[in-house]
Each structure stands twice: as structure tokens, then as C-alpha cells.
Number of protein chains: 4
Amino acid sequence: MATDAQRACFEAGIKFGSLYHQFAGTPVSPESARSLEVAMAEAIENQPFCASVSVEIHDDRVEDAIDHANDYTELTGSLMDVEMRIDYDGVVVDTRMEMVDGYPLMELVSVAEGDADRDG
Amino acid sequence: MATDAQRACFEAGIKFGSLYHQFAGTPVSPESARSLEVAMAEAIENQPFCASVSVEIHDDRVEDAIDHANDYTELTGSLMDVEMRIDYDGVVVDTRMEMVDGYPLMELVSVAEGDADRDG
Amino acid sequence: MATDAQRACFEAGIKFGSLYHQFAGTPVSPESARSLEVAMAEAIENQPFCASVSVEIHDDRVEDAIDHANDYTELTGSLMDVEMRIDYDGVVVDTRMEMVDGYPLMELVSVAEGDADRDG
Amino acid sequence: MATDAQRACFEAGIKFGSLYHQFAGTPVSPESARSLEVAMAEAIENQPFCASVSVEIHDDRVEDAIDHANDYTELTGSLMDVEMRIDYDGVVVDTRMEMVDGYPLMELVSVAEGDADRDG
């Protein structure tokens, strides 16, 4: 019913929603941002068809978000950029989340069907 | 770069990953299952392009998962069925999560491009 | 090693941390706030020693937090008041989370040892 | 109304509930367990009055929990031991979560009021 490319995009979305809603709200500071970046990437890379994940938490945005009473803030989409590659039976989907007009946007960057599919 | 149908499937995946990882781990019993079903559906229906969500938590599975020491368990995918409809610019995607061979599986049920697109 | 009153306060804290980090990040709008309030309260009331929970999500704060591009925001502590009563072997602990100086603060309101203990 | 020792125990509970419900459900495998341990500890150490956190995810339990279809499982309390020290105005509270009779139990290990308080 669905094509392999559509299934690949569905899988890519699952990973994005998972990453975001698993980790949003995590206490974060510049001191703890590096370990959180690695853990987020390695956790989501466990999921099926997930070829690679990179997470960059911007320390300057974290600093700006820290309130007067504490030395940390809670992770939200506006503090980080995420790039993710899904490989679903040879269909490679690249996605990213980044700030657009002041809001975090998850988007498909490219959907590339592999040689096996093109020859098939 | 991506087609509307692929974007619709990406959006569908985001909603599934969001629902699962936002609510997995929530304490649940047969007494609280009804309110959780409604809250999960209404929360995710807020997200862009999400036409409808239904969540059914199976009380018998909840009962089976409750341990001896407490009267509740934690929500996991194996306790519920989820159906979701995404409408992305006229592309309607139906998805569901249900138990297959003892494991919860998220899957695309159908991807239907609307008249507007076919006529365009 | 610890007193019953101390254990009661520990249990109260567990419930607060659970409620906050389970549900922070949930998509919320004035339309979905009522079902989320009920689900949060009933979910946490499942936990041991939790006598009652009430959650009030302030629609005016939700409206203020909604950005231009969407019709919803994500749940944070600044959008809600929470009251909780723990009853641990006759020690009754009342707690609340509310905005103080612009920030959400979780606090012990009272710790009352019951008759059984006072007579003991 | 509450004593410093009671407030210290309340704070200890908050950290435990936070850690558990923030990270429960995270995809985990033996390969990603080390980075998750570090990120969990450093995230919660950001919170007020949290002196130290250590998290040990048991690879053998992770292996046992991995199902046939995937190479990962989801983090639950039964897969890890957690120790945490809270220091609230000189009251030092040690807590841990570990398996007791097959179930994860969060418990107060000790509550020690410091010299400043005893002299005061």
C-alpha cells in the first residue's frame, strides 16, 4: 500500500518524535550538555533503520534560557539542532531540526532511493 | 525534494514517536486508563496535520502487567492500540500501532492522495 | 534510620518529580487542558501513599505561551498549579507547586503526624 | 512548618521521581548504556541541592530484556541501580533505587544533619 520511500519517511518521523518527547524537559546546563548530546544520539541510533543521529546543544542558547534562581534550564527544541539519517531497505532519508523564524522545525532534507531500487 | 505523500508520512511518524515517548512510563491502572486514553488522544491531536487519534488501553493487559506489590503498572506499547489519521495538504495517511507476534508495531495502513492533488 | 515523617516527605517528592517529568513537554491547548489535568491527577494517584492530586492548567497562561505558527504549546511548570496529599502510615504531607517570583516552585505546605503516632 | 531534614527528604524524592520519569522508556542497549548513565547523572546533578548521582545500568539485565526482533529495549527501573546524595542546608540525605524481591524500590538510606545545625 505504501512505498518504501514513504515507509522510510514514516520511520524518520518516528525517530524525531521519539527523540524530542523522550528528552524534552531534561535538566541541562553547559556543563551537562555534552553528555546529553551523546546519550540522545546513541539512544535513538538503537531504533530500527536509524543509520546516524547527531545532536548539537547550543551553549549560548542554554545560557540565555537559564533563569536567575538556578544554574540550569530544561531542554527544548529551541536549544538544539538535530540531524538524522534513516536507511530503510536502501532508501536513505536525511532529516534535521533547526530554528526557522524563531521556532524549531523538523523537516525532510532529502529522500534518496538506492541503486537496488532503481535497478529493480 | 520530498513529495507531499512522503511529507505526510514523516508527519505521521512524528506523531507516533511523540505519543509513545511522551506517555510511556505513565503509571496506569484500569481505574485511570480511560482518562489517559482521552488525554493522549487530545494532546497529540494538537500537533500540526493531525486529524484524529484514538487510543485504547486494554484493561486485561494492564491487569496482567500489575505486579504483586502495587495496584498499577507503567504504560508501554504492549498495553494499547493506537490509530491515527494525518491530513497533510490533502494527503491522508492512516497509521496504527498494535501487537504483532507479541510486540507492538507502528505501521502505515494507507496513504491516499486527495482529489485536489490528483486534479492539480 | 529515617523517621516516618521523613519517609512521607521523600514519597511526596517522588510524586512531584514523577508528575513533572512524565508530563512536561506534552502538547497542550485550552481545548485539551481539561483531559490532561484529569489524566495527570489520576495517573499519579496510582502511586503508593498518594492520597490525592489536583492539577489546574491555566488557560490564560497557555494562550500566552502559544506561538504564532501553531495552536498549542508544550506543558511546563509555569502553566499549572499542582496540589498533592501524601498519606504515609498516618503522616499526612500536603505539597504544592505554584508560581513564585515568576518561577514554578515545589514546596512542602505541611507535615502532620496522625493520632496513631501521637498516641504511640 | 517542615523541618530542614523533612525538606531535604522532599528534595531527594523530587530528584528520584525526575530521574525515573524523564528517562524511563529511553531506547537502550549495552552499546549505549554507558552514555545514558553519564547523561542521567549529570542531568539530575543540575537540580538544586543535588550533590551527586550515580547510575549503573546492568548490561546483563539489558541483554535479558532485549526482544527477538530488535537489538535494544526500553529503560525501566529493573535495569538499573541509582544512588543519590542530596545536601539541603547541611542535611545530607543518601538514597538509592535497587531491586528488592524482583521490583525496583526507591528508598532513603540515611538522613544526617550537619554540624552547622547541631551547633545552631
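Brief remarks on what is shown
- Qualifying residue in region A:38-45 (condition: free of Cβ contacts under 8 Å to residues at least 24 places away in the same chain and touching an Asp or Glu at 6+ places or on another chain (Cβ under 6 Å)): no
- Only one of A:Ser35, A:Ser18, A:Ser110 that is within 10 Å of another protein chain (Cβ to nearest Cβ) and either surrounded by 24 or more Cβ atoms within 10 Å (Cβ to Cβ) or not hydroxyl-bearing (Ser, Thr, Tyr) (or both): A:Ser18
- Failed condition for B:Tyr88, given (1) in contact with a Phe, Trp or Tyr (Cβ under 9 Å, 6 or more places away or on another chain); (2) modelled with pLDDT under 95; (3) open to solvent by 20 Å² or more (accessible area, probe 1.4 Å): (2)
- Test for A:Met40: is it at pLDDT 95 or above, buried (at least 24 other Cβ atoms within 10 Å of the Cβ), touching a His at 6+ places or on another chain (Cβ under 9 Å) and more than 21 Å from B:Val93 (Cα to Cα): no
- For region A:69-85, the set of residues classified as open to solvent by 60 Å² or more (accessible area, probe 1.4 Å) and either within 13 Å of chain D (Cβ to nearest Cβ) or closer than 21 Å to B:Phe49 by Cα (or both) consists of A:Ala69, A:Asp71, listed by residue number.
- Check on D:Glu113, among the charged types (D, E, K, R), more than 24 Å from C:Pro104 (Cβ to Cβ) and free of Cβ contacts under 8 Å to residues at least 60 places away in the same chain: no
- One residue stands out among those in region C:1-12 that are in contact (Cβ under 8 Å) with a residue 12 or more places away in the chain, buried (at least 24 other Cβ atoms within 10 Å of the Cβ) and not charged (D, E, K, R): the one that is farthest from the other protein chains (Cβ to nearest Cβ), which is C:Ala8.
- Filter result for A:Ala51 (of a type in the set (A, V, I, L, M, F, W, C), surrounded by fewer than 16 Cβ atoms within 10 Å (Cβ to Cβ) and more than 23 Å from D:Asn70 (Cβ to Cβ)): no
- Applying the criterion of being modelled with pLDDT under 95 and within 12 Å of chain D (Cβ to nearest Cβ) to the residues of region C:91-103, the residue that is least open to solvent (accessible area, probe 1.4 Å) is C:Met97.
- So C:Ser54, is it touching a strand residue (DSSP E or B) at 6+ places or on another chain (Cβ under 9 Å), away from chain D (no Cβ under 14 Å), over 29 Å from A:Ser18 (Cβ atoms) and in contact (Cβ under 8 Å) with a residue 24 or more places away in the chain: yes
- Every residue from region A:21-30 that is more than 7 Å from every other protein chain (Cβ to nearest Cβ) and surrounded by fewer than 24 Cβ atoms within 10 Å (Cβ to Cβ): A:Pro30
- Test: B:Phe49 is modelled with pLDDT of 95 or more and touching a Cys at 6+ places or on another chain (Cβ under 7 Å): no
The values are calculated or read from the model by the stated rules, or taken from the named source; none is laboratory data. Everything quoted here is computed from the prediction, not taken from an experiment. Ideal geometry is used to build each Cβ from the backbone, glycine not excepted, and the neighbour counts take in all protein chains shown. Heads up: the accessible areas ignore ligands, DNA and RNA and are worked out on the full protein's heavy atoms, side chains in. Shrake-Rupley method; radii C 1.70, N 1.55, O 1.52, S 1.80 Å.
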